[in-house]
1. Taking the Cβ-Cβ separation of residue A:244 and residue A:317 as r and a Förster radius of 25 Å, what is the calculated FRET efficiency to the nearest 0.05?
2. List the residues whose amide H sits under 5 Å from the amide H of residue A:312, counting only those 5 or more places along or on another chain, with H placed 1.01 Å from N in the peptide plane.
3. Under a Cβ-only charge scheme (Lys and Arg +1, Asp and Glu -1), can you give me the dipole magnitude of region A:1-154 about the Cα centre, in debye to the nearest 20?
4. Using r as the Cβ-Cβ distance of residue A:122 and residue A:73, and R0 as 25 Å, what FRET efficiency do you calculate, to the nearest 0.05?
5. Using Cβ contacts closer than 10 Å as the measure, can you line up B:4, A:173, A:54 from fewest to most?
6. Given R₀ = 56 Å, what would the calculated FRET efficiency be for residue A:145 paired with residue B:136, taking r from the Cβ atoms and rounding to 0.05?
7. Among A:37, A:261, A:71, determine the one that fluctuates most according to a GNM of chain A built with springs between C-alpha atoms less than 10 Å apart.
8. What's the center-to-center distance, using Cα atoms, between region B:104-120 and region A:329-352 in Å?
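Throughout, read-outs are computed from the coordinates displayed, never taken from laboratory work. It should be emphasised that the depicted structure is a prediction, and the values quoted were computed from it without experimental measurement. Please note: Cβ atoms are built from the backbone with ideal geometry, for glycine as well, and neighbour counts cover all protein chains shown.
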Amino acid sequence: MSPENSVGVVAPRRVCFIEPLQLTSGAALPGFELVFETYGMLNAQCSNAVLVCHALSGSHHVAGHYADDPENLGWWDNLVGPGKALDTRKFFVVGVNNLGGCYGSTGPLSINPETAKRYGADFPLVTVEDWVAAQARLADHLGIVTWAAVIGGSLGGMQALEWSLQFPERIRHAMVIASAPKLSAQNIAFNEVARQAIISDPDFHGGYYADHGVVPTSGLRLARMVGHITYLSDSQMGEKFGRRLRHGEHKFSYDVDFEIESYLRYQGNKFASFFDANTYLMTTKALDYFDPAYHFDGNLAAALARAKASFLVASFSTDWRFSPARSREIVFALLHNRLRVVYAEIDCGAGHDSFLLDDEHYHALLRAYLENIAV
Amino acid sequence: MTEHERRAKAEQRERFDFAVIASWIPPGERVLDLGCGDGRLLRYLSETRDVSGYGVEIDRESVLGCIRNGVDVIQMDIECGLSGFEDNSFAHVIISQALQTMRTTERILTEMLRVAAEAVVSFPNFSYRANRAAISEGHMPVSEDLPYDWFDTPNVRFFTIADFENLCARLGIEIRERLAFDEAGCEVCEDPNLNGSLAFYRLGRKS
């Protein structure tokens, strides 16, 4: 039984695009498939569609659960549903697995039509711009000319921002949460450590591990452990784990002594059991490359001059990965362009991951903003 | 006075304040409202004068109120200055009965006239006759425009019309217009520092 405000049982759908897609890198895909889910009903005017963009490890499975897997709740199930902040009685909500993903959309695990083998390392690097271009094909397919809103946290927020730049006429509201206009050197540095962990795993085989029937599990584990540290705040980690010992005493070994070690290992193992290493590499590069101001001499205000959407920008006080200051960069660039923007800086102790939690005030803000969107 | 009457009176008074401020904002302008609360003034200006703009607010419930009111709000601490807001990016910047709740008075005034050509400021006049009477009787004043008990007030700066004008002179701020009203909402011309309960200023940079 689904709780009353759940979208309930959902099923992913798949769409195939046969037109080639030119990528930012210069490479092209001959065609591609995207898997997606939808919740709620598209209204007759097609004016109530909201696209939810996922971050590094997310997927098209945003809300609800599968009939054969009731425990597998969508990653933003606390936000999306009938009566929830992103209310599926009002909005038609779309979740999509991005191009290059490992949840069913065309990506490194797919068969390369040219070689009849898995792409592996041959899958071209795709960028946030490419994701958005692919998402636009999905919008066309669904008959959505203009999104009422595009919403995302972290890397998802970058896609919402990119939508406002690449398709200014096709997005009325951009909801950019716990995001940044570009990565800092420190952000890139963490990504590089994660990549090196994967690439230096003997099971990586230059990205062709599938051909060898192996997975670079230990590299992926390490990558996730490093990443996970940046998602949490120091204070939250301190509260949750402190220096608590696993066995109540120092073991003088390299096995788990402290609870935080156990937690990171658990998170790493869990992630490495289902996520694809090439997708991880590619996604971190997409993060690194994202910089709308790149072609505007670093001038973000000039880069955002194309945008026409209204914005909600939100950050979290303890997020040190994409700190509030990074969100303010976006806000002031929007102000420069006289665009409508609401900016909220939310007190939440959970660091970068706060955007996934159902903090009452945070959800109240999103609900209030979404309620005012005309459909 | 019942709670209902009190609220009705407060709303009436608020509308009066809004009307005074609106009279100084040309229709269609772009404004910044500092300490905007739940955005009611901006909403009023938008509805009555087709004014657009942004509010700035630190209090999270007020930010939520702004969003509910459809008012664009930037959540930040004005006490830290207005860095990020570009020079002369607004026609008017407003601070309506909020300056007395902030510590960095000089910095805020200077910043206001950096980001906008004109500033509109309103504040309760501490040296209003009734306030003086309360002090002379040995008590902190509680009045229409200073409605808080001393132990419960959000106000941190207590100043008078005369004090404010001295500070403007020191900061090179030009007073372009001043209006003062008594507690009944009647305009005061004679000795506003004594007879004015609430003061409104239109300020600019001395050329």
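1. Working: r = 25 Å, r/R0 = 1.00.
With R0 = 25 Å, the Cβ-Cβ based efficiency is 0.50.
2. The answer is A:174, A:175, A:176, A:342.
3. The dipole of region A:1-154 has a size of about 180 debye.
4. Efficiency at R0 = 25 Å is approximately 0.15.
5. Details: B:4 8, A:173 22, A:54 25.
Lowest count first: B:4, A:173, A:54.
6. Values: r = 70 Å, r/R0 = 1.25.
Here the calculated transfer efficiency is 0.20.
7. Greatest mean-square fluctuation among the candidates belongs to A:71.
8. Between the Cα centres of region B:104-120 and region A:329-352 lies a distance of 22 Å.
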